[in-house]
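What follows is a short report on a single structure.
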Amino acid sequence: MISESSSFIKGVVLGGAFCMLVTLLGHIKVGHGTKAHHHEHHHIQAPNKEDVLNLSEGERVELSKNINVYCIILVKPKDLGHWAAARETWSKHCDKAEFYSSEKVKVFDSVAINTNDMWAMMRKAYKITYERYKDEFSWFFLAYPTTFAIIENLKYFLLKKDPSQPFYIGHTVKSGDLEYVDGEGGIVLSIESLRRLSRVLEDPDKCPEQGGMIWKLAEDKQLAICLKYTGVFAENAEDSEGKDVFNTKSVGALIKEAMSTHPQQVVDGCCSDMAITFSRLAPNHMHVMMYGVYRLRPYGHSYSDALVFLPPPGSDND
């Protein structure tokens, strides 16, 4: 999605303007990355326009068809409003999306995990996912129910990444000596990372189900510790200009912050044109985002992208 990025940001900013009227969310966390053994640096960037234009037409078609993303959304019964909004909006653009719930809920289909502990939910969801889909999908995106994701931008970001390498991608945060991907912005694992994780999940010394500590670690931190034992390290995702693409705040909150820090360049100071996620959204904000990102179009404008990522059959959002 290259030239269409101008349309995305117009839509995203419109969605943000609506969101600003009704919400004020938390603070952005400052992200850092850790140098991984299998990559040259800990900040990894999306392709730029030239990268894609240099591909042959056949390569573009092949890439458009073959980047597949399986989406995991962790939910609890108290999240029913967010659950419904995520199901009705962005998750339909995943190649397959499933909700992993702490318990069985009659009104929605889900994979029941039967635990309220978030780390136990996350590890069980990853274990089930690997067992069922290791031969079907190359990339695995995990999100919370307050997250809104633009899956086409995720696919574009992953365009030239090799899923047989151990990628662990998102908005990285440093906590003491530990660097991890903040779950609020969404977590991306390649099939190789998921394969390694599935092995270490069976080792209670390296990856205990209860954490094995005096205090309880958040699930995204515990995931990073388990992955670290397998040689997989968190990497911060950025666009070709170095802007974060996984966001741990809503568009409205980001714009509000940019108005204070960059009053002359609100859009440039706010968000990447190729943003992948925004977080901490109320259910109605997800529908506003859906309108701004996917449905609103300026009449008379056309977009000629080198790549087209079509939503899977059954999506009715375009």
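With 0.36 nm allotted per residue and the present C-alpha distance subtracted, the Ala84-Ile128 stretch has 13.6 nm of extension available. Comparing Cα centroids, the range 259-302 and the range 73-145 end up 25 angstrom apart.
Size check on the range 68-295: the Cα extents along the three principal axes, sorted descending, read 53, 42, 37 Å. Working note: Karplus 6.51/-1.76/1.60 with θ = phi - 60° gives the range 130-135 the couplings 5, 4, 8, 10, 4, 9 Hz, where Gly and Pro are set to x.
Heavy atoms only, probe 1.4 angstrom, no DNA, RNA or ligands counted: give me His171, His262 ranked by accessible area, highest first. Spell out each step's value before the answer.
On the way: His171 5, His262 80 Å².
Highest to lowest solvent-accessible surface, that is His262, His171.
For Lys221, the lysines whose Cα falls under 18 Å of its own Cα, not counting residues fewer than eight places away in the same chain, are Lys29, Lys35, Lys124, Lys127, Lys174, Lys206. A simple rule links phi to the HN-Hα coupling: the Karplus curve 6.51 cos²θ - 1.76 cosθ + 1.60 with θ = phi - 60°, which for the range 264-273 gives 8, 9, 4, 5, 4, x, 8, 8, 6, 4 Hz, with x for Gly and Pro.
The values are calculated or read from the model by the stated rules, or taken from the named source; none is laboratory data. Worth saying up front: this structure is predicted, and the values here are computed from it rather than measured. The protein model used for the area step is the full one, side chains on, heavy atoms only, and it has no ligands, DNA or RNA in it. Shrake-Rupley method; radii C 1.70, N 1.55, O 1.52, S 1.80 Å.
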